[in-house]
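Comments concern the structure below.
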Amino acid sequence: MKFQKIIIGSLSLLSLASCSDKMNYNEYNIYDKDYISKTFANVGGFMTNIYNAIDYDYGSYGSATMGSATDESEYAIPGGAIEDFYNGAWSPTNAKSSMWTNMYQAINVCNQVTDKFQGLKFEDYELNSDYDAQMARYKNYEWEARLWRAYFYFNLVKQYGGVPLITKVQSASVTNSMSRASSDSVFQFILGECDAIKDSIVDDPTSFNLPSEVDNGRADRLTVLALKARAALYWASPLFNPSNDKERWHKAALYNKELLDAAAAKGKTLANDYASLWATDNYQNAKITCEIIFGRRIYGSGTNGSSNTFESRNYPAGLEGGVGGNCPTQTLVDAYEMKSTGKPIDAPGSGYNSSNMYADRDPRLDATVAKNGDVWPTYQKVALQTYYGGTNGEPISGGTPTGYYIKKLCHGAIDLTAKSKYKTDNHTWVVFRLGEFYLNYAEAVFKYLGSADATSAEFPMSAREAASKTRVRAGMPAFPESMSNADFWKEYTNERFVELAFENHRFWDVRRWKEADQYFKNIKELKITKGADGTLSYQTNIVTRQWDDKMYLFPIPVTEILKNHNLKQNPGWE
């Protein structure tokens, strides 16, 4: 089996207990330099430590996704760690520190690769017929390591702001005396690394012509350009650009255009079917891989590493094997506009009918959300009952508090019943895809040129045209011409909300825009009740959550500050 843009380990696999665990590749001790340096396979095996660290969100906090700390969803089982983000329990002593620890461990491995494993000759293998191809792949490891080091720093800077920049192997005493670099310095490092390696990293990993699936799972030049484009957009955003430096928006527009142009030159395009982007064959189906720039394969304990962890965590309560999980909010459902008119449901002339509220809605709603009356998962033969007292509703444990269950990312044909033979399948977390970058470009060009329809010789595609790409793909009308800036921004942010739902963007988008007061203080649930005559009644319930502006950045874990007195805590968390 061949895999395109999917992570495959070059060493034997062990079982994966849950999606929050690392892929259990056999890992080499990073100090065992002589052993690792002996063979191509040993160095390649060591590289899996880097690919293991690429993050994904099939449940970042227990079984809860980051979306359940936003207005995207609500976790059905109360008392979980995700609630700390909005119930007042978040603090430097409860710092949600896994990203800090995991990213610095991964950065250390990258530094090991760039410092200790360059310039090897593998003389014992010079007479092998594949020596030149193996050497080409080996030499590419340097660029891969530098790319992912930059990516890991991006994860840190978007979460903490400035962090210590460690770019070489050094002693713990040196590391534990380093001060934080500014966020500007970290972003400049990321962008500089991407520029330094984009023309050196392989453009097509399969060009090594080695009989190994791992080559089809490696990062390439488009992955570098994607990181550069995303990082530039974050650096230009209000959280990191309080003076609204227009040149940052200019660079963000340039870098996102660079990625879009390079992707087009390689034949990349939006997939025709939005829902297919998370299908079980999204690593090999050309109708889907046309949009995916990089995906991280998730391994489980099933046949060929297949899994069902996300399904078991998110299938409706009341079904065998289902526990409820991350339930889409009414806030998210309301964001899906009308298909015929392209207008928000509360806009005059939209065509919305509250008595038939799901009719004529954006098709992405049905691809993302399971509602009362839907037959979901697809192996089911009876409709969901999400009303109070229904088979899948409150008050059963895990019964949806919002009136909905998640479809997106779930493979609905996976059958968790005891007699089923189809219990697991392939899962790939999409790290970078083309749809995001049309939206990134739209935001950057809008902020730089100043209006939705503005174009220039440098940017011939307007923000409105770019932001319409994902809508049109879904079967929605393009955004109309001559929108006011306020109207376009409202529509643009809504488009990101629905297009990128549950892809771990909402948590970070609202923060970088500094608009959490608008979005994160209240979420809407739908409460459905069934009368004695069988009629259903619908009522919206508002849930209030805590927000403090210090939450735009995470607290640095107190354990790190105790180890290093030169680290300064983020404002408000002192």
- Expressed in angstrom, Rg and Dmax over the Cα atoms of segment 211-275 are 15.2, 52
- Message: Can you compute the charge dipole magnitude of segment 383-452 about its Cα centre, using +1 on each Lys and Arg Cβ and -1 on each Asp and Glu Cβ, nothing else charged? Give it in debye, rounded to the nearest 20.
- Response: 200 debye
- Along Cα→Cβ, 7 Å out, is where each label goes; now give me the distance between the ones at SER354 and ARG545 in nm to one decimal. 2.6 nm
- Query: Stretch ASP184-LYS121 to full length: gain in nm at 0.36 nm per residue minus the Cα-Cα span?
  - Reply: 18.8 nm
- Query: Between rounded, prolate and oblate, where does segment 431-574 land on the alpha carbon gyration tensor, with a ≥ b ≥ c its root eigenvalues, rounded for a/c under 1.5, else prolate if a/b exceeds b/c?
  - Reply: oblate
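Helix-only mean residue ellipticity at 222 nm, the chain, DSSP H runs n ≥ 4 weighted -39,500 (n - 2.57), per residue, nearest 500. What is it? Intermediate values should be presented prior to the final figure.
Details: 18 runs with 204 residues, N = 574.
-11000 deg cm²/dmol, from helical runs alone.
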- Message: Loop only by DSSP, 10 or fewer other Cβ within 10 Å of the Cβ. Give me the GluC sites (Glu not before Pro) in segment 95-145 that pass, ordered by residue number.
- Response: GLU126
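How large is the dipole of the chain about the Cα centre if only Lys and Arg carry +1 and Asp and Glu carry -1, each at its Cβ, rounded to the nearest 20 debye?
On the way: 61 positive and 67 negative charges, 51 e Å.
Dipole size: approximately 240 debye.
Let me know the Kirkwood hydrodynamic radius for segment 248-391, please, with Cα pairs as the basis and the value in Å to one decimal. Spell out each step's value before the answer.
Details: mean 1/r = 0.0537 Å⁻¹.
It is 18.6 Å.
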- Query: Using the alpha carbon gyration tensor of segment 382-469, what are the three equivalent-ellipsoid semi-axes (square root of 5 times each eigenvalue), largest first, in whole Å?
  - Reply: 44, 19, 9
- Mind ordering 347-357, 245-255 by average Cβ neighbours within 10 Å, highest first? 245-255, 347-357
- Once the principal axes of the Cα atoms of segment 345-504 are found, what is the range along each, listed largest first in whole angstroms? 62, 39, 24
- Item | Normalised alpha carbon radius of gyration of the chain [divisor 2.2 N^0.38 Å] | 0.97
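Which of rounded, prolate, oblate describes segment 353-396, given a ≥ b ≥ c as roots of the alpha-carbon gyration tensor eigenvalues and a/c under 1.5 marking rounded, otherwise prolate only if a/b is larger than b/c?
Values: a/c = 2.37, a/b = 1.38, b/c = 1.72.
Note, shape of segment 353-396 comes out oblate.
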- Note on the structure: For segment 200-274, the per residue accessible area (1.4 Å probe, Å²) is 36 Å²
- In nm, to one decimal, how far is the ASP204 label point from the THR101 one, both placed 7 Å along Cα→Cβ? 4.3 nm
- If all Cα-Cα distances of segment 44-176 are sorted into 10 Å bins from 0 onward, what percent lands in each bin, rounded to whole numbers? 10, 31, 27, 18, 9, 4, 0
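Could you rank ARG433, ARG180 by how accessible they are, 1.4 Å probe, largest area first? Each step should come with its number before you reach the end.
Details: ARG433 5, ARG180 60 Å².
The ordering from most to least exposed comes out as ARG180, ARG433.
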- Classified through the alpha carbon gyration tensor (a ≥ b ≥ c as square roots of its eigenvalues; rounded if a/c is under 1.5, else prolate when a/b is larger than b/c, else oblate), segment 170-256 comes out oblate
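Counting only protein heavy atoms and using a 1.4 Å probe, what share of the accessible area of the chain belongs to carbon plus sulfur, as a whole percent?
Values: 10720 of 22140 Å².
Carbon plus sulfur share of accessible area: 48 percent.
When Lys and Arg each count +1 and Asp and Glu each count -1, what net charge do the other residues less than 10 Å away from ASN541, Cβ to Cβ, add up to?
Numbers: positive: LYS524, LYS527; negative: GLU525.
Within the 10 Å Cβ shell, the charges total +1.
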- Given the candidates SER183, PHE208, ALA172, the one whose Cα lies deepest towards the positive end of the charge dipole of segment 150-259, counting +1 at each Lys or Arg C-beta and -1 at each Asp or Glu C-beta, is SER183
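Assuming R0 = 30 Å, what is the FRET efficiency of ALA89 and ASN564, from their Cβ-Cβ distance, to the nearest 0.05? Provide the component values of the computation, followed by the final result.
On the way: r = 25 Å, r/R0 = 0.83.
Working from the Cβ atoms, E equals 0.75.
Just add up the charged neighbours of ASN87: K/R +1, D/E -1, any other residue whose Cβ is under 14 Å from the Cβ of ASN87. Mind dumping the intermediate values first?
Numbers: positive: LYS96, LYS521, ARG545; negative: GLU74, GLU83, ASP84, ASP548.
Once positives and negatives cancel, what remains is -1.
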- Whole-number accessible area per residue in Å² for segment 530-573, which is evaluated in the context of all protein chains at 1.4 Å: 60 Å²
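Sorting CYS290, CYS327 by accessible area (1.4 Å probe), largest first, what list results? If you can, show how the numbers build up before the last one.
Details: CYS290 25, CYS327 0 Å².
So, going from the largest accessible area down, we get CYS290, CYS327.
Please work out the Cα convex hull volume for segment 52-113 and give it in Å³ per residue.
Numbers: hull volume 5.7 nm³, N = 62.
Measuring per residue, one finds 92 Å³ for the Cα hull of segment 52-113.
Within 10 Å of each candidate Cβ there may be at most 15 other Cβ atoms; applying that plus a DSSP loop requirement, which GluC sites (Glu not before Pro) in segment 402-498 survive?
Values: sites: GLU436, GLU443, GLU458, GLU465, GLU481, GLU491, GLU495; in loops: GLU458, GLU481.
For GluC sites (Glu not before Pro) across segment 402-498 that sit outside H, G, I, E and B with at most 15 neighbouring Cβ atoms in 10 Å, the list reads GLU458, GLU481.
Quick check: residue separation of ALA136 and THR303 times 0.36 nm, minus the Cα distance between them. What number comes out in nm? Let's see the in-between values first.
Details: separation 167, 0.36 × 167 = 60.12 nm, distance 3.23 nm.
That works out to 56.9 nm of additional length.
The values are calculated or read from the model by the stated rules, or taken from the named source; none is laboratory data. None of these values were measured; they are calculated from a predicted model. Cβ atoms come from the backbone with ideal geometry, glycine included; neighbour counts cover every protein chain shown. The accessibility values were calculated without ligands, DNA or RNA, using every heavy atom of the protein model including side chains. Shrake-Rupley method; radii C 1.70, N 1.55, O 1.52, S 1.80 Å.
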